[in-house]
Structure formats: C-alpha cells, structure tokens
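The values are calculated or read from the model by the stated rules, or taken from the named source; none is laboratory data. Here the structure is a predicted model, which means the values were calculated and not measured. All Cβ positions, even for glycine, are placed from backbone atoms using ideal geometry, and neighbour counts span all protein chains on display. Ligands, DNA and RNA are excluded from the accessible area calculation, which covers all protein heavy atoms including side chains. Shrake-Rupley method; radii C 1.70, N 1.55, O 1.52, S 1.80 Å.
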Amino acid sequence: MVGRIIKAISSFYYIEDKNRIIECKARGNFRQTGVSPVVGDFAEFSLVDESHGVIEKIKERKNCLSRPLIANIDKILIVSSYSCPAPDTLIIDRLTAVSEYYNIEPIIVFNKCDTGDFEIFEKIYRNSGYKTFTVSATENIGIEELKQEIGDSVCAFAGNSGVGKSSLINALAGLKLETSEVSRKLGRGRHTTRHTVLYKTERGGYIADTPGFSSFESKNSEYDFKIHLAECFPEFRKYLGSCRFVNCTHTCEKECAVLEALNEGKIEKTRHKSYLSFFEELKDLKEWQKQ
C-alpha cells in the first residue's frame with residue numbers, strides 16, 4: 001500500500017490512505033540507509049491492524065528540504081506583511097533564489113493589504129517574472145484567487161514570523177490554527193507551529209503548516225548553489241551567455257549583459273543588490289566543500 005505522510009511526531013508517522021489516517025512506525029533498516037521518512041513523502045507501508053502500520057519503503061522524492069523538514073513541494077508561498085515586520089527584499093530574494101534552485105515555484109504573497117500599500121513591492125516582483133498576490137487573510141481579500149493558484153498542488157509557506165502565515169492557512173484551508181499577536185517591542189510574531197503538518201484543501205491540494213522560518217535549506221551543497229546562483233534569478237537568464245567574458249560574475253565586469261540590462265532598467269535594482277549580497281556570501285566556497 002502507498003500513501004502520503006501528512007504528519008510526523010517523534011517516531012510516529014501519519015499516512016493518509018484514501019479517507020483514513022494510518023499511524024505508522026518506520027522499519028529499523030531506515031537508520032542504516034540514512035533515509036528517514038519525512039512529511040510529504042510517499043511511503044509504501046503494510047498494515048498491522050485497521051489503523052496502524054509499518055513503513056517499508058520511501059518512494060523517490062522530487063525534492064527534500066532540511067529546514068523545514070518536508071519533501072515533494074510544488075510551490076513555496078513567500079509571505080510578507082506591510083509592517084511589523086515590513087517586507088524585506090533580501091529575505092524574499094533569498095527564498096525565491098533557493099526555490100528556483102530546487103525547482104519549486106515561488107509565489108509572492110503580500111498579506112495584510114488592509115494595513116498599507118504594497119505597490120512598490122508588487123512592481124519589483126511582477127517585473128522580475130513572479131506571480132504576485134496581495135491579500136488580507138483577516139478581511140478575506142484576494143483569498144479566492146490564491147485558492148485557485150494553489151489548486152491541487154502541495155504548498156509550503158515561508159516568511160518572517162508575524163506576517164500572518166497561520167492566518168492565511170486558516171483562510172485557505174478552512175482551519176482554526178493557533179495564531180499570535182505581533183510583539184510591539186520586537187516587531188515580529190511568536191512561532192505558533194511546532195510540527196510540520198499537511199492539510200488537504202477543498203481542491204485536492206495540500207497546504208503545509210511548518211514551524212516559523214524565514215529561510216529554508218536542503219541537504220545539497222551550497223557550492224552547487226553558488227555555481228547556479230545567476231540562473232536562480234529568472235530575469236537574468238535571457239542575458240546569461242551574452243557577456244563579453246565566459247566566466248562573468250555579473251558584479252562589476254565590462255560588457256556584462258546583466259549589468260547593461262540593470263542600467264537600462266530591465267532588471268530591478270533591489271534584485272541585483274540581493275544577488276551581490278548572495279554572491280559575496282558564497283564566493284569563497286570551494287569545490288572540495290561539495291557534499
């Protein structure tokens with residue numbers, strides 16, 4: 001039998017099998033292979049009784065993140081709010097770049113539109129080729145359009161704590177997850193999610209509620225990310241290969257097609273600024289550090 005793991009707590013895994021949930025343990029040989037079941041996995045399992053089973057094998061994954069620990073994600077909804085905390089383009093751009101690297105579609109969501117104007121940020125990300133939604137979970141603005149975007153896909157949420165991820169999940173999936181007020185002193189919310197859980201939507205998709213995070217990681221090497229960094233900015237792609245120098249870093253070189261596009265206003269300045277920041281972080285990584 002095969003089902004999707006929708007929740008994991010300690011050493012127990014909860015698999016959705018048609019219209020029932022099977023509580024499973026994993027066989028001991030998973031420790032020897034180094035592959036442990038995670039939320040989002042498709043797992044082969046055998047039944048012990050009507051509601052309990054044993055996981056025998058994990059199906060091949062399309063992707064797997066280590067923070068949050070989740071597999072087989074189709075889309076990442078990158079959420080920002082107008083204030084407390086305000087949109088941080090560096091955080092958004094880091095999340096979009098890593099999403100691109102792992103072939104997960106990033107969707108930009110500006111929540112709490114009833115508290116301010118997101119026009120400047122909308123322009124940046126729409127000009128950069130991203131689907132962008134401006135919504136209010138509490139006022140039910142733009143929620144139907146976002147439901148249509150999610151459709152039958154598996155989605156996770158990313159963004160600073162306090163931007164309203166739990167409120168959005170409640171609105172999108174018809175749930176009543178715990179939410180918390182934003183701290184006036186710190187300008188951010190408290191984490192209200194302790195375990196990663198997949199919730200099924202009315203359109204047959206899944207929404208992942210994960211412990212609050214503003215970045216996410218995979219077990220793959222950062223060296224590979226460094227090599228493909230420019231490709232992780234979709235607005236750069238049509239200019240790559242047109243630079244004068246084959247090994248152009250798109251930071252300061254003469255006759256760089258990316259820099260020329262930047263100067264002509266075809267690439268947003270904040271996006272290239274984020275690229276430069278990531279390049280500086282990664283530039284000293286060597287191939288021998290590749291896992």
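Quick rundown of the values:
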| item | result |
| --- | --- |
| Cα-centre dipole for the chain with unit charges at Cβ (Lys and Arg positive, Asp and Glu negative), debye to 20 | 560 debye |
| Gyration tensor (alpha-carbon) shape descriptor, the range 1-58, a/c threshold 1.5 | prolate |
| Per residue solvent-accessible surface (Å²) - the chain, probe of 1.4 Å | 52 Å² |
| The range 274-287 - phi-based ³J(HN,Hα) in whole Hz, Karplus 6.51/-1.76/1.60, Gly and Pro as x | 5, 4, 4, 5, 5, 4, 5, 5, 9, 4, 8, 5, 10, 4 |
| Listed peptides 117-125, 164-172, 131-139 by packing density, highest first (mean Cβ within 10 Å) | 164-172, 131-139, 117-125 |
| Contact order normalised by residue count of the range 1-134, Cα under 8 Å, 6+ apart, percent | 16 percent |
| Links that overshoot a 23 Å alpha carbon limit, given the list K131/K254; K147/K200; K131/K266; K62/K273; K59/K200; K112/K147 | K131/K254; K62/K273 |
| Accessible surface of the chain [probe 1.4 Å, protein heavy atoms]: carbon and sulfur percent | 47 percent |
